[in-house]
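Worksheet: one structure, shown below.
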Amino acid sequence: VMPELVQPTKKNDRYVFQSKGNPIITHHYTSDPAALVINDTLWMYTGHDFEGGQRDYVMRDWLVYSTTDMKTWTEYPVPLKVVDFEWATSKSAFAGHVAEYYWYISTNWTGIGVAVADRPEGPFKDALGKPLLTNEDCFASTHSWACIDPAIFIDDDGTPWIFWGNRECYYAKLKDNMIEIDGDVKQINFEGFSFTEAPWVHKYQGKYYLTYATEFPEKIAYAMADIIEGPYEYKGILNEIAGNSNTNHQSIVEYKGEWYFLYHNGGIQTDGGSYSRSVCIDRLEYNEDGTIKRIVMTSE
Ligand code: FUB
């Protein structure tokens with residue numbers, strides 16, 4: 001299905017547009033969405049694929065959007081660029097996640113950084129002047145890009161956790177200051193765990209859900225546990241390969257009493273693909289036993 005292309009309207013330094021179903025944004029290529037709910041606003045932080053149809057990632061900055069009704073979206077001035085991390089030599093603005101208001105980002109080979117702002121729309125600034133995590137923290141790693149895809153989960157008791165990884169899934173506690181690791185880095189492992197990247201942790205009715213990209217081209221799979229450190233039990237595939245993108249990268253949030261699955265796809269624009277991706281959003285529904293229904297992309 002060809003989406004209707006929507007041109008945003010400029011309002012001061014912002015752009016406003018009405019989404020016409022999936023993909024949500026058609027004036028930029030966007031990827032790796034991370035959602036954050038603050039009061040009645042859903043904030044969405046995304047990666048940004050430059051130039052349609054290229055053969056590799058060209059990702060120089062991240063973008064931020066907000067909505068209060070899932071239809072009308074505001075795009076703010078570019079809140080963070082990979083060059084803002086002086087130590088990041090690889091210059092690849094890979095996936096990130098914002099927790100009020102710390103933005104954990106991947107730079108590909110040079111580690112995970114953290115930037116800070118005093119407003120959800122930024123601007124964000126490097127909080128450390130060095131990486132928060134590097135490949136050395138990925139003790140089981142056999143390759144150079146294991147230290148990517150941070151995801152934050154703040155538990156009901158306020159403890160912040162960070163999950164990340166490629167091929168291996170790592171996690172650690174964060175200190176309350178949000179910019180230091182508290183204790184040891186550990187690894188998640190369980191039967192049937194075939195982890196590619198993109199971990200995301202959320203909680204529903206007292207259970208922990210670990211969703212992640214599996215295989216390649218990627219599908220999104222999930223596992224459940226009673227405590228955050230596991231053991232996790234594999235529960236199956238949540239979302240099939242998304243369009244013609246080799247990657248997928250999800251985010252799951254509750255907003256105004258509904259659960260949403262944010263992800264990306266490469267197949268719905270004429271020049272879309274693995275390096276020209278587009279963020280999509282669909283409803284997420286649970287079964288009575290807490291398992292999640294498969295999510296099939298809709299066009300509305
Ligand atoms: O967008 C760049 C990388 O592709 C992300 O870090 C991965 O999760 C995959 O989506």
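The values are calculated or read from the model by the stated rules, or taken from the named source; none is laboratory data. As the structure is a prediction and not an experimental result, all values here were calculated from the model. Here the Cβ is made from the backbone with ideal geometry for all residues, glycine too, and neighbour counts use every protein chain on show.
Observations on the model:
- Of the residues making up the range 25-60, those that are more than 20 Å from residue 94 (Cβ to Cβ) and over 15 Å from the mean Cα position of the chain (by Cα) are 26, 27, 38, 39, 40, 41.
- Scope the range 229-280; condition on the phi < 0 side of the Ramachandran plot and among the basic types (Lys, Arg); matching residues: 235, 277
- Among the residues listed as 83, 78, the single one being surrounded by fewer than 21 Cβ atoms within 10 Å (Cβ to Cβ), β-branched (Val, Ile, Thr) and part of a loop (DSSP other than H, G, I, E, B): 78
- Restricting the range 235-284 to residues that are of a type in the set (Lys, Arg) and under 18 Å from the mean Cα position of the chain (by Cα), the residue that is nearest to the ligand (Cβ to nearest atom): 277
- Cβ pairs under 6 Å, 6+ apart, first in the range 172-197 and on the phi > 0 side of the Ramachandran plot, second among the aromatic types (Phe, Trp, Tyr): 178/102; 192/234
- Residues that are within 14 Å of the ligand (Cβ to nearest atom), modelled with pLDDT of 95 or more and polar (S, T, N, Q) within the range 29-58 comprise 30, 31, 46, listed in sequence order.
- Residue 64 outside any strand (DSSP E or B), among the hydrophobic types (A, V, I, L, M, F, W, C) and out of contact with any helix residue (DSSP H, G or I) (no Cβ under 9 Å at 6 or more places or on another chain): no
- For the range 99-139, a residue qualifies if it is part of a strand (DSSP E or B) and within 15 Å of the ligand (Cβ to nearest atom), and the qualifying residues are 103, 104, 105, 106, 112, 113, 133.
- Some residue of the range 210-232 being small (Gly, Ala, Ser), over 26 Å from residue 132 (Cα atoms) and modelled with pLDDT under 95: no
- Residues of the range 212-229 satisfying the condition of being assigned to a strand (DSSP E or B), among the hydrophobic types (A, V, I, L, M, F, W, C) and within 12 Å of the ligand (Cβ to nearest atom): 213, 220
- Just one residue in the set 195, 190, 216 is out of contact with any helix residue (DSSP H, G or I) (no Cβ under 8 Å at 6 or more places or on another chain) and buried (at least 20 other Cβ atoms within 10 Å of the Cβ); that residue is 195.
- Check on residue 119, out of contact with any helix residue (DSSP H, G or I) (no Cβ under 6 Å at 6 or more places or on another chain), touching a residue at least 24 places away in the same chain (Cβ under 8 Å) and of a type in the set (D, E, K, R): no
- Members of the range 140-164 that are part of a loop (DSSP other than H, G, I, E, B) and either within 16 Å of the ligand (Cβ to nearest atom) or surrounded by 19 or more Cβ atoms within 10 Å (Cβ to Cβ) (or both): 141, 143, 144, 145, 146, 147, 148, 149, 150
- Pick from the range 285-300, criterion modelled with pLDDT of 95 or more and out of contact with any strand residue (DSSP E or B) (no Cβ under 9 Å at 6 or more places or on another chain), ranking: farthest from the ligand (Cβ to nearest atom): 288
- Every residue from the range 242-289 that is of a type in the set (Gly, Ala, Ser) and in a strand (DSSP E or B): 251, 273, 276, 278
- Remark: residue 23 falls outside the filter, which requires a residue to be in contact (Cβ under 8 Å) with a residue 40 or more places away in the chain, in contact with a Gly (Cβ under 7 Å, 6 or more places away or on another chain) and part of a loop (DSSP other than H, G, I, E, B).
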